[in-house]
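Heads up: the structure comes next, in structure tokens.
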Amino acid sequence: MLYRIYAVIPILDVKLKAQSEVNIGLVGHVDHGKTTLTKALSGVWTDRHSEEIKRGISIRLGYADCTFYKCPKCSEPDCYCTSEKCPKCGSEAKFLRKVSFVDSPGHESLMAVMLSGAALMDGALLVIAANEQCPQPQTEEHLLALDILNVKNIVIAQNKIDLVPREKAVENYNQIKKFLKGTVAENAPIVPIAANCGANIDLLIKTIEETIPTSKRDEKKSPLMYVARSFDINKPGAKIDGLKGGVFGGSLLRGKLNVGDEIELRPGVKKGSTYKPITTKITSLNASSQKVESVYPGGLIGIGTNLDPSLTKSDSICGNVVGLKNQLPNVYEKIRVEIHLFEKTVGEKSKENIKGLEKNEALMLSVGSAVTIGLLTDLKKKEFTLKIPVCTEVGQRIAISRRFGVRWHLIGYGIIAE
Ligand code: GDP
Ligand code: MG
Ligand code: ZN
């Protein structure tokens with residue numbers, strides 16, 4: 001009997017460990033070191049797109065998984081690491097948890113992408129470069145985005161500490177403290193690091209473990225997933241009978257999905273002048289580069305389907321919501337929103353008062369991982385007519401951005417009303 005129990009434990013263990021259990025965002029101003037830190041933690045360089053390499057900035061959301069371990073032998077200081085063997089003493093380290101990182105672009109023109117990523121984050125690392133004045137515009141705008149989308153567990157990574165003398169680092173630390181006062185991250189721990197040479201990453205992992213817990217989610221509820229990436233994984237010129245179906249990635253907010261499930265994507269794809277939901281079957285599931293039979297809320301997952309791969313190419317179904325057939329929330333072409341505007345503008349160096357909304361003004365609304373333009377067609381009822389319909393529920397929080405010149409900046413948040 002005893003031997004049977006032992007036989008079962010390792011299998012369960014593997015199942016539990018296959019998928020990351022938490023999504024941690026990397027946010028902050030452009031060039032402060034988010035992608036470098038993602039690499040230091042996970043070994044993965046997430047800037048892959050040719051345009052990203054050419055311009056040296058992140059444009060899309062980047063994803064990378066890693067596993068946190070702690071050495072049972074090293075103490076004072078404790079040794080936290082991302083390898084099975086302790087880098088200090090060589091002992092076998094203890095598994096803590098698997099983590100997915102969502103690396104956001106920090107460029108001011110890419111707020112929409114950052115906001116879609118924030119919809120998936122359980123917690124975030126706000127990366128602030130020690131060799132620049134704090135706050136830079138997107139340091140502030142990203143922190144505000146975390147706040148309005150309810151990402152409350154935040155660690156500050158004070159990066160590039162190698163570039164400044166000690167007294168400059170202290171001065172920058174004090175600026176950070178002053179900036180955080182009165183924000184959601186007022187009490188967030190600040191960890192000095194140098195991402196490019198891996199300095200203090202162990203302390204950062206320890207701080208993440210203490211500050212960003214795995215969220216409690218309901219696996220028993222009907223599944224709901226946000227799509228954040230989608231692909232056609234076939235090589236150009238692949239033969240029709242060897243074609244693989246459409247693939248997409250994202251995170252489950254609740255429930256569980258299995259290989260073989262009949263799923264639906266809402267609002268679906270554009271057909272003529274309207275959007276039509278699409279249904280398909282899950283043919284494969286992937287978590288942390290492993291094939292799995294079921295996926296759960298938490299870290300990033302990939303779903304293989306029977307869909308025509310041309311439907312999913314180049315992120316074309318991002319923002320869709322996925323669930324079991326006929327079990328998803330409704331799709332709306334018009335939404336009523338309880339609106340909360342900030343007092344002052346963020347995202348630019350200069351601060352101005354935010355003007356009230358105008359009838360027929362076009363605003364950018366971020367609803368989950370979806371981005372749409374809403375025309376404020378009824379100012380009194382606060383009703384928007386949407387360019388792309390959204391699958392949403394009453395009570396959902398959305399981010400509201402307004403166009404300033406060629407950029408969209410956050411001006412407030414809303415709550416979907418009946
Ligand atoms: P992101 O825009 O926030 O993703 O920033 P990147 O990770 O692309 O980094 C921007 C630049 O800063 C790159 O040239 C990095 O090599 C450099 N960098 C990142 N972290 C550090 C660090 O800790 N020290 C130094 N000296 N340079 C760094
Ligand atoms: Mg980057
Ligand atoms: Zn050790």
Going through the range 293-335 in order, the residues found to be assigned to a helix (DSSP H, G or I) and open to solvent by 60 Å² or more (accessible area, probe 1.4 Å) are 310, 313, 314
Does any residue of the range 156-179 turn out to be surrounded by fewer than 21 Cβ atoms within 10 Å (Cβ to Cβ), assigned to a loop (DSSP other than H, G, I, E, B) and of a type in the set (S, T, N, Q)?
-> no
Go through the residues of the range 111-123 one by one and say whether even a single one is touching an Asp or Glu at 6+ places or on another chain (Cβ under 7 Å) and within 16 Å of ligand 1 (Cβ to nearest atom).
-> yes
Go through (1) touching a strand residue (DSSP E or B) at 6+ places or on another chain (Cβ under 7 Å); (2) surrounded by fewer than 24 Cβ atoms within 10 Å (Cβ to Cβ) and name the single condition residue 143 misses.
-> (2)
Sole miss for residue 61 among (1) more than 10 Å from ligand 2 (Cβ to nearest atom); (2) in contact with a strand residue (DSSP E or B) (Cβ under 8 Å, 6 or more places away or on another chain); (3) at pLDDT 90 or above is condition (3)
Across the range 31-47, what is the number of residues that are away from ligand 2 (no atom under 11 Å from the Cβ) and free of Cβ contacts under 8 Å to residues at least 60 places away in the same chain?
-> 3
Flag for residue 68 being within 16 Å of ligand 2 (Cβ to nearest atom) and touching a Leu at 6+ places or on another chain (Cβ under 7 Å) | no
Could you grab me the full set of residues in the range 102-112 that are within 11 Å of ligand 2 (Cβ to nearest atom) and either among the charged types (D, E, K, R) or within 27 Å of residue 288 (Cβ to Cβ) (or both)?
-> 103, 104, 105, 106, 110
Only listed residue being more than 16 Å from residue 201 (Cα to Cα) and part of a loop (DSSP other than H, G, I, E, B), chosen from 20, 83 = 20
Out of 124, 93, 130, report the one residue that is within 16 Å of ligand 3 (Cβ to nearest atom) and buried (at least 24 other Cβ atoms within 10 Å of the Cβ).
-> 93
For the range 65-72, indicate whether the set of residues that are at negative phi, open to solvent by 10 Å² or more (accessible area, probe 1.4 Å), within 12 Å of ligand 1 (Cβ to nearest atom) and within 16 Å of the chain's Cα centre (by Cα) is non-empty.
-> no
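The values are calculated or read from the model by the stated rules, or taken from the named source; none is laboratory data. Since the model is a prediction, treat every value here as computed from it, not as a measurement. Cβ coordinates were reconstructed from backbone atoms using ideal geometry, including for glycine residues, and neighbour counts include every protein chain displayed. When the accessible area is computed, the model is the full protein with side chains, heavy atoms only, and any ligands, DNA or RNA have been set aside. Shrake-Rupley method; radii C 1.70, N 1.55, O 1.52, S 1.80 Å.
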